[in-house]
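Undergrad: Below are the C-alpha cells for one structure; questions will follow.
The values are calculated or read from the model by the stated rules, or taken from the named source; none is laboratory data. What you see is a predicted model, and the numbers here were worked out from it, not measured in a lab. Using ideal geometry, Cβ is built from the backbone for each residue, glycine included, and neighbour counts are taken over all protein chains shown.
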Amino acid sequence: MNVTVVGGGIIGCAVGRELASRGARVRIIDMRGTGRGATQASAGILAPYIEGHIDALLRLGVNSLALYEGFIARVSEDAQQTIEYERFIGQRICDTDRQVARQQVVDHLPDHFRSPPASQQRRFALVEAS
C-alpha cells in the first residue's frame, strides 16, 4: 500500500512511522519542511488538561498522553539513541463550575491516565500572590 501523509510535523511523522512499521510505503510532504510548522512552536508540550476544552477532546488527550511513553520508547529503540523526555504533573486550580465539572471528568479516569508514577512526579508549592 502506498500512503501520502500531508503534514510533516510530529503527528504526521508519527502516523507515517506507524504506517511504515505495518508495511506501507509512506511519503510525507509538507510545504514548510519537516517539523517547521506548529511542531516547532509546541516545545514538545502535551497538555490535555489545559487544552481539552470539551470532554471528548479531554479524554482523547489524556488517553494519548498515556500512550506517549511507549511511543517514545519505540522511536528511541528504532533510532538507536536516547530521546530526552521528562514527564511532570502540574496543579490546576478550578475557579468556575465549568472547570470543576471538567476536573470531575479527569478524576473518574483510571489512575494510569491521570498522573505519572510517583517516581516521575515533581511537586510544586502553591504560592499566594500578594
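Undergrad: For segment 1-52, what are the residues that are within 16 Å of the chain's Cα centre (by Cα), surrounded by fewer than 11 Cβ atoms within 10 Å (Cβ to Cβ) and not aliphatic (A, V, I, L, M)?
TA: The one that is within 16 Å of the chain's Cα centre (by Cα), surrounded by fewer than 11 Cβ atoms within 10 Å (Cβ to Cβ) and not aliphatic (A, V, I, L, M): 44.
Undergrad: Hey, another quick one. Of all residues in segment 52-78, count the ones that are within 16 Å of residue 9 (Cβ to Cβ) and not hydroxyl-bearing (Ser, Thr, Tyr).
TA: 2
Undergrad: Would a scan of segment 115-124 turn up a residue that is among the small types (Gly, Ala, Ser), surrounded by fewer than 14 Cβ atoms within 10 Å (Cβ to Cβ) and at pLDDT 60 or above?
TA: No; the residues of segment 115-124 include none that is among the small types (Gly, Ala, Ser), surrounded by fewer than 14 Cβ atoms within 10 Å (Cβ to Cβ) and at pLDDT 60 or above.
Undergrad: A further question on this structure: Going through 67, 57 one at a time, which residue ends up being exposed (fewer than 13 other Cβ atoms within 10 Å of the Cβ), modelled with pLDDT of 85 or more and under 11 Å from the mean Cα position of the chain (by Cα)?
TA: 67
Undergrad: Is it the case, given these coordinates, that residue 62 is among the aliphatic types (A, V, I, L, M), more than 23 Å from residue 78 (Cα to Cα) and surrounded by 13 or more Cβ atoms within 10 Å (Cβ to Cβ)?
TA: yes
Quick grid of which residues meet (1) assigned by TED's automatic domain parsing to the domain that holds residue 69; (2) in a helix (DSSP H, G or I); (3) hydrophobic (A, V, I, L, M, F, W, C):
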| site | (1), (2), (3) |
| --- | --- |
| 19 | no, yes, yes |
| 31 | no, no, yes |
| 36 | no, no, no |
| 39 | no, yes, no |
| 57 | yes, yes, yes |
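Undergrad: Kindly establish whether residue 91 is loosely packed, with under 15 Cβ neighbours inside 10 Å, of a type in the set (S, T, N, Q), modelled with pLDDT under 85 and part of a helix (DSSP H, G or I).
TA: The answer is no for residue 91.
Undergrad: Taking segment 30-67 on its own, how many of its residues are touching a Lys or Arg at 6+ places or on another chain (Cβ under 8 Å) and more than 27 Å from residue 97 (Cβ to Cβ)?
TA: Selection size over segment 30-67: 1.
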